[in-house]
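All remarks here apply to the structure that follows.
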Amino acid sequence: MQVATGKSILNGIAIGKIKVYRAPETVISDRQIDDVEAEMARFEEARQKAIAQQNALYEKALAEAGEETAAVFEVHGMMLDDDDLVDAIREIIAKQRRTAEYAVRTACDNQAKIFAEMDDPYMQARSADIDDIGQSMLDFLTGADPNSLQGTEPSILVAKDLAPSETVRLDKSLLLGFVTREGSTNSHTAILARSMNIPALVQCGDVSADWDGKMAIIDGYNSCIYVDPTDDLFRSLKKKQEEDQAGVALLQELKGKDNTTIDGRTVKVYANIGGPSDIGAVQQNDAGGVGLFRTEFVYLNSRQEPGEEEQFEAYRHVLESLAPKQVIIRTCDIGADKTIDYMKLDHEDNPALGYRAIRICLTRKEFFKKQLRALLRASAYGNMGIMFPMIISVRELREAKEILAECRAELEAEGVKIGQYEIGTMIETPAAVLIADDLAKECDFFSIGTNDLTQYTCAIDRQNAKLEPFSDTHHPAVLREIQMTVEAGHRHGTWVGICGELGADTTLTETFLRMGVDELSVNPKSVLPLRKTIRGLNLSQNE
Amino acid sequence: MKQFDFTVTDEQGIHARPAGLLIKEAKNFASGITVFKGDKSADMKKLLALMGLGIKKGETITVRVEGEDEEQAAAAIEKFLKETF
């Protein structure tokens with residue numbers, strides 16, 4: 001068995017025979033030409049065909065991989081239409097009296113070199129796009145057919161590199177995965193493979209032409225390829241692959257479907273996220289929105305207190321990417337187990353009951369206002385909810401809302417556009433449950449944080465493993481609190497969701513639905529299994 | 001002649017696809033539109049030249065618009081930049 005490592009661009013497994021993919025060498029003559037006009041016409045014809053091809057690839061990618069990925073080919077079309085590039089090619093033909101092939105290759109190489117030498121890795125990766133459009137024109141000029149290199153049986157392609165347009169043109173029914181010696185995880189080829197769900201490795205230096213025809217496994221989770229794998233390894237990765245495929249099948253079965261029970265009760269299933277990097281997971285798992293966007297990342301990823309602008313960008317990005325889906329953003333919840341140096345919080349003997357979340361925000365008003373201003377500004381870009389954590393009294397909720405109103409007035413005076421938004425309270429203390437009627441009058445929604453609610457109700461420290469024998473995640477007191485919260489909320493027209501870990505517990509889904517819970521927000525991976533459970537329930541039957 | 005400064009706040013800077021849209025917007029106007037970054041400059045109607053400036057988040061560019069429709073062009077480009085980058 002041989003093992004080679006590279007950079008993985010998709011967490012997936014591909015198993016099959018290797019096909020070494022050799023792109024045809026385009027041989028280019030540097031001879032002088034006599035008829036400049038004819039050569040110009042050849043170039044223009046190839047360029048127009050290449051533009052038409054990129055447009056066709058745009059359509060194909062749109063169908064196979066979606067808008068964002070397809071945009072690559074739109075950009076290619078624009079590059080083929082770039083005045084500087086076209087002028088450079090024409091000039092080589094006219095002044096140096098060279099063939100169209102020579103001119104295209106030379107001008108594209110020069111442009112690719114400019115990108116390759118830039119200091120930004122994103123821009124460096126754009127040189128592959130220039131190579132791609134150059135090759136596309138060259139193929140039309142030389143009449144080469146880059147297809148038909150895939151062989152006839154489904155295989156793992158091994159190549160020096162693959163251009164984005166090659167990747168889209170490949171017959172997906174014959175493509176199990178690919179491994180390239182070059183390429184980058186930033187390349188459009190990588191983005192395409194990811195959105196088409198094809199396991200792949202790039203920058204795998206040890207690829208060998210001798211592998212042709214051998215059995216291999218790409219393990220995208222561990223960024224390696226096993227050639228001639230052992231039986232044990234084969235069995236365990238085959239099992240992993242089957243689990244992945246079951247997940248994909250679930251997705252195909254349930255994507256776009258309602259979260260509706262057999263008897264017609266619909267509940268919202270949202271996702272919990274921790275930052276803009278989770279947007280993809282929300283979309284891939286078809287969540288109806290975001291029920292809990294933890295904003296701690298803006299504080300934790302920073303060496304100093306993050307400014308309004310930085311926060312605004314992060315919130316706007318998430319809201320805009322997911323619009324019109326609702327995104328519920330929880331205000332700063334640091335303190336307790338999440339401490340930050342620059343906040344200079346005192347050491348506490350009992351931090352879970354200490355200075356945290358809304359308690360910090362209400363006493364450090366300027367700090368809180370930065371976040372609220374950023375949120376209000378971001379509200380213009382999507383469908384936002386603002387949620388305050390650790391509320392134990394009506395006074396706190398009112399105070400938080402007053403500060404929010406103050407920020408709003410300031411922004412309006414500055415002429416800043418503000419969108420619609422809902423205001424919610426996290427219910428995570430027994431105190432909040434007991435005054436839920438009063439809190440409900442003050443807000444649009446409740447979100448029950450079952451982890452903290454369980455800890456505070458049962459006086460069981462979440463972090464202490466020794467307490468496990470005493471802990472009961474389905475404690476009847478907690479379930480009764482959820483019931484009370486739902487009833488109180490509904491008495492005042494306030495909708496009620498659950499965003500703690502209990503929400504994803506499918507053994508409780510029926511109980512929650514019977515209680516009248518309106519929304520369940522769970523980690524993105526649990527969205528579809530939860531949908532499956534909901535669709536199998538019939539609440540009209542007796543318990 | 002109209003001139004204004006703009007600071008990029010988009011995470012990825014002025015990258016490929018939005019740069020393409022910016023070119024399209026610029027081409028709607030007859031005026032010459034030039035982007036300056038430090039001592040380098042590029043014609044805003046040319047994609048590769050614009051990408052070649054490698055404009056990143058936090059960097060400030062100067063946009064100079066010169067021509068018969070410079071008023072409208074400068075206003076439209078500034079609006080587009082603010083909304084996109």
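Give me log10 I(q)/I(0) at q = 0.14, 0.16 Å⁻¹ for region A:92-223, Debye formula, one equal scatterer per alpha-carbon, no solvent.
-0.71, -0.89
Within a 10 angstrom radius of each residue's Cβ in A:108-114, how many Cβ atoms of other chains show up on average? Whole number is fine. Walk me through the numbers on the way to the answer.
Details: counts 0, 0, 0, 3, 0, 0, 5.
Shielding by partners across A:108-114 averages 1.
Just want the answer: with Cβ charges of +1 for Lys and Arg and -1 for Asp and Glu, which residue in A:T261, A:Y342, A:F445 is farthest toward the dipole's positive end in the protein assembly as shown?
A:T261
Give the Rg (one decimal place) followed by the Dmax (whole number) of region A:391-501, computed from C-alpha coordinates and expressed in Å.
Final numbers for Rg and Dmax: 16.6, 57 Å.
Given the rule -39500 (n - 2.57) for each run of at least 4 DSSP H residues, summed and divided by the residues of chain B, what is its mean residue ellipticity at 222 nm, to the nearest 500 deg cm²/dmol?
Estimated from H runs of four or more residues: -12000 deg cm²/dmol.
So who's got an amide H within less than 5 Å of the one on B:M44, skipping anything under 5 residues away but keeping other chains? H placed 1.01 Å off N, in plane.
Under 5 Å from the amide H of B:M44 lie the amide H atoms of B:I33, B:T34, B:V35, each far enough along the sequence or on another chain.
Where in chain A are the helices, taken as whole DSSP H runs, whose Cα atoms extend 30 angstrom or more along the long axis and whose Kyte-Doolittle mean reaches at least -1.0? All intermediate terms of the calculation are to be shown ahead of the outcome.
On the way: long enough: A:36-65 (41 Å, -0.53); A:231-254 (34 Å, -0.80).
TM-like helix candidates: A:36-65, A:231-254.
So what is the relative contact order for chain A, in percent, with contacts set as C-alpha pairs under 8 Å and at least six apart?
Working: 989 pairs, mean separation 76.8, N = 543.
Over chain A, the number comes to 14 percent.
Under the definition of partner shielding as Cβ atoms of other protein chains within 10 Å of a residue Cβ, what is the mean value for peptide B:43-55? Walk me through the intermediate numbers first.
Working: counts 2, 0, 2, 5, 9, 12, 5, 1, 10, 7, 2, 9, 2.
What the average comes to for B:43-55 is 5.
Around B:L81, what is the net charge, scoring Lys/Arg as +1 and Asp/Glu as -1 over all other residues with Cβ under 12 Å from its Cβ? If you can, show how the numbers build up before the last one.
Details: positive: B:K79, B:K82; negative: B:D5, B:D10, B:E25, B:E78, B:E83.
Residues near B:L81 contribute -3 overall.
Let me confirm one metric for peptide A:78-85, namely the mean number of other chain beta-carbon atoms within 10 Å of its residues' beta-carbons.
Working: counts 9, 5, 1, 3, 8, 6, 7, 4.
Per residue, the number of nearby Cβ atoms from other chains is 5 on average.
Within 10 Å of each candidate Cβ there may be at most 13 other Cβ atoms; applying that plus a DSSP loop requirement, which GluC sites (Glu not before Pro) in region A:82-169 survive? Write out the running numbers ahead of the final one.
Numbers: sites: A:E91, A:E101, A:E117, A:E166; in loops: A:E117.
The qualifying sites are A:E117.
Considering the alpha-carbon set of region A:227-347 alone, what are its Rg and its Dmax in angstrom?
Rg then Dmax for region A:227-347, in Å: 20.0, 58.
Calculate, for A:A405 and A:H492, the FRET efficiency according to 1/(1 + (r/R0)^6) with r their C-beta to C-beta distance and R0 25 Å; round to the nearest 0.05.
Working: r = 20 Å, r/R0 = 0.81.
Approximately 0.80, to the nearest 0.05.
On C-alpha positions alone, give me the angle between the axis of helix B:70-84 and the longest principal axis of chain B, in degrees, nearest 10.
With rounding to tens, the tilt is 20 degrees.
Let's test this: bin the Cα-Cα distances of region A:20-115 at 10 Å from zero up to the farthest pair and state each bin's percent.
Histogram of Cα-Cα distances, whole percents per bin: 15, 38, 33, 12, 2.
Quick one: what do you get for region A:288-384 if you divide its Cα Rg by 2.2 N^0.38 Å? Each step should come with its number before you reach the end.
Values: Rg = 13.9 Å, N = 97, 2.2 N^0.38 = 12.5 Å.
Taking N as the residue count of region A:288-384, the ratio is 1.11.
Just want the ordering: A:I133, A:I423, A:I534, from fewest to most Cβ atoms lying within 10 Å of their own Cβ. Spell out each step's value before the answer.
Values: A:I133 30, A:I423 16, A:I534 24.
Fewest-to-most Cβ neighbours within 10 Å comes out as A:I423, A:I534, A:I133.
Which ordering of A:W495, A:W211 is given by a fewest-first count of other beta-carbon atoms within 10 Å?
Values: A:W495 19, A:W211 22.
Taking fewest neighbouring Cβ atoms as first place, the list is A:W495, A:W211.
What per residue convex hull volume, in Å³, do the alpha-carbon atoms of the protein assembly as shown yield? Intermediate values should be presented prior to the final figure.
Working: hull volume 121.6 nm³, N = 628.
Given the Cα convex hull of the protein assembly as shown, per-residue volume reads 194 Å³.
How far, in degrees from 0 to 90, does helix B:16-27 lean away from the longest principal axis of the Cα atoms of chain B, to the nearest 10?
Long axis of B:16-27 versus the principal axis of chain B: about 10 degrees.
Considering only the other residues whose Cβ falls under 12 Å of the Cβ of A:P306, what net charge follows from Lys and Arg at +1 and Asp and Glu at -1?
In short, -4.
Mean projection of the alpha-carbon convex hull of region A:152-257 over all orientations, in nm²? Could the numbers behind the result be given before it?
On the way: hull surface 30.3 nm².
With the hull built on Cα positions only, its mean projection is 7.6 nm².
Once you charge only the Cβ atoms, +1 for Lys and Arg and -1 for Asp and Glu, what is the size of the charge dipole of region A:144-232 about its Cα centre, to the nearest 20 debye?
Working: 6 positive and 13 negative charges, 84 e Å.
It works out to roughly 400 debye.
Per DSSP H run of n ≥ 4, the term is -39500 (n - 2.57); total these for chain A, divide by its residue number, and report the mean residue ellipticity at 222 nm rounded to 500 deg cm²/dmol.
Working: 21 runs with 251 residues, N = 543.
Taken over chain A, the calculation gives -14500 deg cm²/dmol.
Might you report the magnitude of the Cβ-based charge dipole of chain A about its Cα centre, with Lys and Arg at +1 and Asp and Glu at -1, to the nearest 20 debye? Walk me through the intermediate numbers first.
Numbers: 60 positive and 88 negative charges, 222 e Å.
I would put it at about 1060 debye.
Translational D (Stokes-Einstein, µm²/s) of chain B at 4 °C and 1.567 mPa s when Rh comes from the Kirkwood sum over C-alpha pairs?
On the way: Rh = 12.4 Å.
Here the translational diffusion coefficient equals 104 µm²/s.
Grab every C-alpha pair in region A:252-535, bin the distances at 10 angstrom width from 0 up to the longest one, and report whole percents.
6, 29, 37, 23, 5, 0
Starting with the fewest neighbours, write out A:M79, A:M343 ranked by other beta-carbon atoms found within 10 Å of each beta-carbon. Don't skip to the answer; put the middle values down first.
Numbers: A:M79 25, A:M343 16.
With the sparsest Cβ surroundings first, the list reads A:M343, A:M79.
Counting residues in region A:352-440 as N, plug N into 2.2 N^0.38 Å and put the Cα Rg over that result.
Values: Rg = 13.6 Å, N = 89, 2.2 N^0.38 = 12.1 Å.
Cα Rg divided by the expected 2.2 N^0.38 Å: 1.12.
Report, in listed order, any pair from A:K401/A:K466; A:K60/B:K45; A:K113/B:K37; A:K113/A:K240 with a Cα-Cα distance greater than 31 Å. Provide the component values of the computation, followed by the final result.
Numbers: A:K401/A:K466 40 Å; A:K60/B:K45 28 Å; A:K113/B:K37 20 Å; A:K113/A:K240 42 Å.
Result: A:K401/A:K466; A:K113/A:K240 exceed 31 Å.
Give me the Å³ per residue figure for the convex hull around the C-alpha atoms of region A:298-454.
Values: hull volume 17.8 nm³, N = 157.
Convex hull volume per residue, Cα atoms: 114 Å³.
Since every read-out is calculated from the coordinates, none of them should be taken as a lab result. The shown structure was predicted, so the numbers you read here are calculated from the model rather than taken from an experiment. Counting neighbours? That spans all protein chains shown, and the Cβs are built from the backbone with ideal geometry, glycine included.
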